[in-house]
Each structure stands twice: as structure tokens, then as C-alpha cells.
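Working notes, structure below.
The values are calculated or read from the model by the stated rules, or taken from the named source; none is laboratory data. For clarity, every value in this text was computed on a predicted model and none was experimentally measured. Glycine gets a Cβ as well: all are built from the backbone with ideal geometry, and neighbour counts include every protein chain shown.
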Amino acid sequence: MFEKNVNSFSKKTIEDVNLKGKKVLIRVDFNVPIKDGKITSTKRIVSSLPTIKKVIAEGGKAIVFSHLGRIKEEADKVKKSLRIVAQELSSQLNKPVIFIDQTRGEKLENAIKNMKEGDLLVFENTRFEDLNDKAESKNNPELGKYWASLGDVFINDAFGTAHRSHASNVGIASNIAESAMGYLLAKETKALSQVLNNPQKPFVAIIGGAKISDKIAVVSSLLEKADKVIIGGGMAYTFNKALGFNIGTSLVEEDKIQLAKEYLAKYKDKIILPVDHASAKDFSDQPRILNNLQPLQILDGTMGLDIDKYSVSLFEKELKNAKTVLWNGPMGVTEFENFKYGTEAVAKAISELKDAYTVIGGGDSVAAVEKLGFESSFSHISTGGGASIEFLEGKVLPGIESIQNKK
Ligand code: ADP
Ligand code: MG
């Protein structure tokens, strides 16, 4: 069993470990987007550099590995090789990288044996092992044990997979003498724990995205912890319908209306819903039809795809005095040029807060913030979609839990 402790600060970090001369297994998240054989965002590689640099600077032998995409059949291997990622890492660090195109075997073992202090090795996509009865993803005990046998110390820095129990994180951690969190994992854990367990008040949470069912557990966890919960995006319509408003053909989950009613009754003063909307005849990038009548109603035959300016002012008012802000999920269909206004306006409003601790997570919301160039205005941008959601739900993440506690 893992060493159970809800307080992640009790976990060892890379700073607590003697790295000199050690074979250091470093699990990173190099699951980068690739198009036509080119990496389209190096963010995940860059985020892992502090940990890799530390190991090298301390005279450790850095053995780096990651998953990349999903591997279902032999043919998937061609496009999902970590080779180009290893090349990118080499140029980021301006340092040679030994790339081994295997996930196990003599070639890999010998290359590790020949490493000198400060050397850097990357081995192949851990999910290549999924062709062997999902050995990586199902945490096959033999595989975790084997990978653990290749090193002296395990550093987990892959926050993006911390909510999964795989051979390359939990499997290794359970079979090695010493384990610790890397800088990225420690930073994510610290930021999300602060929001969840020790937020400065007022604490305002903003939740958006498509469906309630995707985020129901986060919404209920945040309703307990935050002072206000702003709900936007597609899931707002189920709440609007629960209030008896006409929502046209907007996204709705009929089986969640009752739950929305319960939340609205229990947290009447906490839940903040949009008061106006931009809609279109169907789910496409048509011009914005504004719906700002009170009481709210979406024009018949149209669907709400974004919030509009009265909602933005209302949200700004709630955000103005916030000392902690957590944001997950866009306010509208940001994929369409005509319906990204609300998300951008909320990003801007948060970025202008002077002394609030602001955290954002979720692929689409983070992309919106980055596109606007607001990265530096947020206290923390989470790199893990699913992992940050499960963390905020209050779940214990196996990738963190399996790391040793501090002495
Ligand atoms: P994140 O990646 O930030 O966690 P999600 O993946 O939960 O966000 O939500 C993003 C999705 O929500 C997008 O695909 C977007 O199109 C959808 N969405 C947002 N607003 C609406 C809406 N009003 N109607 C339908 N879908 C919406
Ligand atoms: Mg998303």
C-alpha cells in the first residue's frame, strides 16, 4: 500500500534527495501535440526542464521517459515515437541526449550502464508496452518492477498522469528504494492544495465547459469550499432551465435538472449564473444573436453558445474583491471566433486582479488565456486537465500518493 497522507506537502521532493552519481529515473509528461511530424507546442517539454536540469547539475544520471498518445496497434508506433521529443529536449538543453528506441531490453540496460554523471538518456514511449496486454496502462506489476530495477531513485514529475495508476508512475514508485516529486509535480500540488485547503477569502470559483456530467464532482466540491461559484459555458443552460427559463435549443442534460434544482436551493446565494447570452441557429460559427431580455430567455430555435456583456459585468463584480480565484472551463464555444468573447473577457478580468491568488486549469481555458498572452498574470496555470479536475474533486491522486513521505 501507499503511504497515505492527504497533505501532499509531506511528500519528498527532489530537494530532499541525494542525486549525485545515482541513476535517476525521471517520469515526465512529454505528451506533446504533434502535427505532420512536428511538435506544435513545446510547453510540456519546457515545464519539465527544471527537474531534468537539477538532476544533471547535481551529477545524477538522468533517465527520462514519458507516454505519448495512445498505442493500440503496432502501426501507432511510427507516429508516437518519442524520438523527435528527445531531439527537442536536446536542443532546449543544448546538450546531447542518448535516445534508446526501446522500452526494455539489453540495449537500454547497457546504455544505462555506460552513463556517466550528468548524462541524459531518453527511452521510448512507455505506452509501447500497452501492446503487451496494456502492461503500462494497467500497471502490470512485472513491468513496474523491471523499470524500477533500472534506477536508484525515482522522480515523478508527470502531473498530467498523476490521476492514473500506471506502471511508469505507481508501478515504479512501489518498487524502488527512494522516490520523490519533481519540481513541476510539487508546484502543481502546492498551488492546487492552497486553493482547495487554504484559500484566502473571498474565494471565487468559475466553472464552465460543455456538460455538467463532466464536472459534477468538481462543482459540488467547489460549492462547499468557495464563497461564490460562477457557472458558465454549456452547463449553465441546465441550471437556467431548472430555474424555469426558456433556453431554446441550448445544450441541456435533462437528467441533471433535478440536481441543478437541488444545488440552486441549497446554495442559492453562492451560485452565479449568466444573465445574457449569445446564440445561433445551430452549433456553428454564425453571427451572434443577443439574448438579453429579463427574465432570461433564449430565442426559440437558437442555442446559447456564449455569455454576453451583462454576464461579464456581473462576473467582474464578483471577481473584483476576490483573494482566490480558480477557473476551469470556458464560458462559451471558444472554437468559434464569434463565441469566444465571454471566455476572453473573463480571462482579462482575472488577469487584472492585483492581489488575488489566481489558478487556471483545463486545456481549453488555458489555451484561451495563452492566446491572449495573459499567462504571466496568473499565479498558476495547471498543466494537467484530468489530473487537476480530480485533484479539485478532492480525490487522492495515485501518482502523488505513491511517492514516499518525508522522514
Ligand atoms: P477545459 O478544457 O478548459 O477543461 P472543457 O473541455 O470542459 O474545458 O470544455 C470545453 C468545451 O465546452 C468546448 O468544446 C466548448 O465548445 C464547450 N462549450 C462551451 N460553452 C458551450 C455552450 N454554450 N454550448 C455547447 N458547448 C459549449
Ligand atoms: Mg477540454
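Tell me, please, whether a residue that is loosely packed, with under 15 Cβ neighbours inside 10 Å and either within 12 Å of ligand 1 (Cβ to nearest atom) or more than 27 Å from the chain's Cα centre (by Cα) (or both) can be found in the range 323-330.
Looking through the range 323-330, none of the residues is loosely packed, with under 15 Cβ neighbours inside 10 Å and either within 12 Å of ligand 1 (Cβ to nearest atom) or more than 27 Å from the chain's Cα centre (by Cα) (or both).
Quick one: Ile400 ticks every box in (1) part of a helix (DSSP H, G or I); (2) β-branched (Val, Ile, Thr); (3) at pLDDT below 90; (4) away from ligand 1 (no atom under 12 Å from the Cβ) bar one, so which box is it?
For Ile400, the failing item is (3).
Could we say that Ile34 is surrounded by 14 or more Cβ atoms within 10 Å (Cβ to Cβ) and over 19 Å from Ser174 (Cβ atoms) here?
Yes.
Output yes when any residue across the range 392-400 is away from ligand 2 (no atom under 14 Å from the Cβ) and at positive phi, and no when none is.
Yes: the range 392-400 contains one or more residues that are away from ligand 2 (no atom under 14 Å from the Cβ) and at positive phi.
Suppose we filter Val333, Val346 for residues that are touching an Asp or Glu at 6+ places or on another chain (Cβ under 9 Å), on the phi < 0 side of the Ramachandran plot, of a type outside the set (D, E, K, R) and away from ligand 2 (no atom under 13 Å from the Cβ); which single one remains?
On inspection, the qualifying residue turns out to be Val346.
Those residues that are surrounded by 16 or more Cβ atoms within 10 Å (Cβ to Cβ), more than 11 Å from ligand 1 (Cβ to nearest atom) and more than 18 Å from Gln258 (Cβ to Cβ), I need them from the range 201-217; list them, please.
Pro202, Phe203, Val204, Ala205
Could you tell me whether the range 311-321 includes any residue that is within 14 Å of ligand 1 (Cβ to nearest atom) and either surrounded by 24 or more Cβ atoms within 10 Å (Cβ to Cβ) or part of a loop (DSSP other than H, G, I, E, B) (or both)?
Looking for residues that are within 14 Å of ligand 1 (Cβ to nearest atom) and either surrounded by 24 or more Cβ atoms within 10 Å (Cβ to Cβ) or part of a loop (DSSP other than H, G, I, E, B) (or both), one finds at least one in the range 311-321, hence yes.
Give me the pairs, please: first residue somewhere in the range 352-370 and more than 7 Å from ligand 1 (Cβ to nearest atom), second residue anywhere and of a type in the set (D, E, K, R) and in a helix (DSSP H, G or I), beta-carbon distance under 7 Å, and either six or more positions apart or on two chains.
Ala368/Glu344; Val369/Glu375
Taking the range 39-51 as the search range and keeping residues that are touching a residue at least 12 places away in the same chain (Cβ under 8 Å), more than 16 Å from Ser90 (Cβ to Cβ) and not small (Gly, Ala, Ser), which one is surrounded by the most Cβ atoms within 10 Å (Cβ to Cβ)?
Once the filter is applied, the top-ranked residue is Thr51.
Conditions first: (1) crowded, with 19+ Cβ neighbours inside 10 Å; (2) within 16 Å of ligand 2 (Cβ to nearest atom). Lys371 passes all but one, so which condition is the exception?
(1)
Which one of these is away from ligand 1 (no atom under 14 Å from the Cβ) and modelled with pLDDT of 90 or more: Ser388, Ser382, Ser377?
Ser377
For every residue, the table says whether it meets (1) assigned to a strand (DSSP E or B); (2) farther than 12 Å from Gly208 by Cβ; (3) not β-branched (Val, Ile, Thr).
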| position | (1), (2), (3) |
| --- | --- |
| Pro274 | no, no, yes |
| Asp300 | no, yes, yes |
| Val325 | yes, yes, no |
| Pro330 | no, no, yes |
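What residue, among those in the range 181-230 that are assigned to a loop (DSSP other than H, G, I, E, B) and of a type in the set (D, E, K, R), is farthest from ligand 2 (Cβ to nearest atom)?
Once the filter is applied, the top-ranked residue is Lys201.
In the range 331-345, which residues are more than 12 Å from ligand 1 (Cβ to nearest atom) and aliphatic (A, V, I, L, M)?
Ala345 - this is the single residue of the range 331-345 that is more than 12 Å from ligand 1 (Cβ to nearest atom) and aliphatic (A, V, I, L, M).
Any residue at all in the range 257-270 that's within 21 Å of Tyr341 (Cα to Cα), within 29 Å of the chain's Cα centre (by Cα) and in contact (Cβ under 8 Å) with a residue 40 or more places away in the chain?
No, because not a single residue in the range 257-270 is within 21 Å of Tyr341 (Cα to Cα), within 29 Å of the chain's Cα centre (by Cα) and in contact (Cβ under 8 Å) with a residue 40 or more places away in the chain.
Those residues that are modelled with pLDDT of 95 or more, part of a loop (DSSP other than H, G, I, E, B) and in contact with a helix residue (DSSP H, G or I) (Cβ under 6 Å, 6 or more places away or on another chain), I need them from the range 2-30; list them, please.
Leu19, Val28, Asp29, Phe30
Could you tell me whether the range 234-241 includes any residue that is surrounded by fewer than 22 Cβ atoms within 10 Å (Cβ to Cβ) and either over 19 Å from Gly342 (Cα atoms) or modelled with pLDDT under 95 (or both)?
For the range 234-241, residues surrounded by fewer than 22 Cβ atoms within 10 Å (Cβ to Cβ) and either over 19 Å from Gly342 (Cα atoms) or modelled with pLDDT under 95 (or both): present.
Is it the case that Asp133 is at pLDDT 95 or above and out of contact with any strand residue (DSSP E or B) (no Cβ under 7 Å at 6 or more places or on another chain)?
Against the criterion (at pLDDT 95 or above and out of contact with any strand residue (DSSP E or B) (no Cβ under 7 Å at 6 or more places or on another chain)), Asp133 qualifies.
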